[in-house]
């Protein structure tokens, strides 16, 4: 097998890596934002439940959670490994993203909510129009970290047999005997993806930055 | 006597074991400008926050026109629409331009269409002299300009009464004037205002009544002249002149000079002796 085909074979896994990320990252964000809102604005019980969720989810290795969730989902709902793996990663990520968004909400001053209520906005209107737009801007920088983690953790679905980058590297390494070049190629692709995503999110952060005098 | 806009009866606020104020009575008639003064920690700000229900009193009643807004089941969001609030730290929405800050309540709360809301928001900015800053973000405005936008934002809701919580305390001295000028104009235009401030020059010129609060009680209230020159309590006189000395000395030059002269000359006389 020539070098071009060797690389191409591994590179084809990128579609799965990006696919898993494209499902896991937004679903984690939606869940994480929802949980963060409950954790900050919910009643005492909700706060405790959210705190427990976050502590437990973040206290278990992602691969272990992934396997548990996968066997629940593939067994009970009969999802394909790709979907089960992606959604599982999204759920795991939701705990981390919840903490990111929670921190970002708390970094918006309490006065913003008070000022919003003072002109007659309801709590929900204030959250949607005032708190979240500022929160999500604040969250982009830490969130780009989480994006990098998800891109890298997408390699975990390898354990479920999804033919993503790492899985392919291993297969072609075994068939050709060139393990090191295979894994190095995989490493390079992951690095390029992570690098590109941080750059893109950096640009987004700049673009959404609220104008202010120096 | 016409129905007062705001009637406060036996209002009490307690945090834990700490009585912030107790049994406060106050009425504000239409078009009145009332200035509340007093040492810090006296409950002035908390009183304002109680009035627009940002904090809830532990006892007593607040009436806005003929409605008890502290009654169970009162629609708080509706109440707040009718009571404008200006904060010490401006609290503009940081991610919105000046225009959008003023406009937001009109579209989201009053459900005006975008065009009408924009026109009205622009009018309000013009009223505070900031039509040329409509598309600036709060971070691009000076403190004085931010506070004027905050005033415009509150005015846009066409409130029955405006509450000002130390509106100039967070401003650099050279920016205080522009904000006081807007408030002076507003008072002259007939807006009903309740102002917590240390600006004695403003109080003496604009207030219909000054209320002196200390340790959670209203010690004394009356016209500026009564409080400055014929106070019932020594404590009132003492506080007023101390504050005047600190904040607005030159603005008192036109007042009767007896009290002022004694105050300012005493230390010098002692030094000479």
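The values are calculated or read from the model by the stated rules, or taken from the named source; none is laboratory data. In this text, all values refer to a predicted model and were calculated from it rather than measured experimentally. Note: ideal-geometry Cβ built from the backbone for every residue, glycine included; neighbour counts use all protein chains shown.
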*Can residue B:70 be described as under 20 Å from the mean Cα position of the chain (by Cα), touching a residue at least 12 places away in the same chain (Cβ under 8 Å) and more than 22 Å from residue B:186 (Cβ to Cβ)?*
no
_Out of the helices (runs of 4 or more DSSP H) lying entirely within segment A:1-68, which hold 3 or more residues that are under 14 Å from the mean Cα position of the chain (by Cα)?_
A:14-41
_Looking only at segment B:179-197, count every residue that is surrounded by fewer than 19 Cβ atoms within 10 Å (Cβ to Cβ) and either on the phi < 0 side of the Ramachandran plot or assigned to a helix (DSSP H, G or I) (or both) and tell me the total._
5
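Yes/no per residue for (1) in contact with a strand residue (DSSP E or B) (Cβ under 7 Å, 6 or more places away or on another chain); (2) within 14 Å of residue B:211 (Cβ to Cβ); (3) part of a loop (DSSP other than H, G, I, E, B); (4) at pLDDT below 90:
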position	(1), (2), (3), (4)
B:27	yes, yes, no, no
B:48	yes, yes, no, no
B:60	yes, no, no, no
B:71	no, no, yes, no
_Test: residue in segment B:83-94 that is over 21 Å from the mean Cα position of the chain (by Cα), more than 25 Å from residue B:35 (Cα to Cα) and free of Cβ contacts under 8 Å to residues at least 24 places away in the same chain_ = no
*Out of B:67, B:100, B:158, sole residue that is on the phi < 0 side of the Ramachandran plot and exposed (fewer than 15 other Cβ atoms within 10 Å of the Cβ)*: B:67
*Of all residues making up segment B:209-236, the number that are part of a helix (DSSP H, G or I) and surrounded by fewer than 19 Cβ atoms within 10 Å (Cβ to Cβ)*: 5
_All positions within segment B:55-64 that are touching a residue at least 24 places away in the same chain (Cβ under 8 Å), within 14 Å of chain A (Cβ to nearest Cβ) and surrounded by fewer than 19 Cβ atoms within 10 Å (Cβ to Cβ)_ = B:55
*In segment B:139-153, how many are within 8 Å of chain A (Cβ to nearest Cβ) and surrounded by fewer than 23 Cβ atoms within 10 Å (Cβ to Cβ)?*
2
_segment A:102-125, subset under 18 Å from residue A:210 (Cβ atoms) and surrounded by 22 or more Cβ atoms within 10 Å (Cβ to Cβ), residue nearest to the other protein chains (Cβ to nearest Cβ)_ = A:115
*asked:* I'm checking my understanding of the structure. Among residues of segment B:112-138 that are within 11 Å of another protein chain (Cβ to nearest Cβ) and surrounded by fewer than 20 Cβ atoms within 10 Å (Cβ to Cβ), which one is farthest from residue A:209 (Cα to Cα)?
replied: B:135
*Quick check: anything in segment B:30-46 closer than 25 Å to residue B:241 by Cβ, within 14 Å of chain A (Cβ to nearest Cβ) and modelled with pLDDT under 95?*
yes
*Within segment A:130-143, is even one residue away from every other protein chain (no Cβ under 14 Å) and closer than 24 Å to residue A:52 by Cα?*
yes
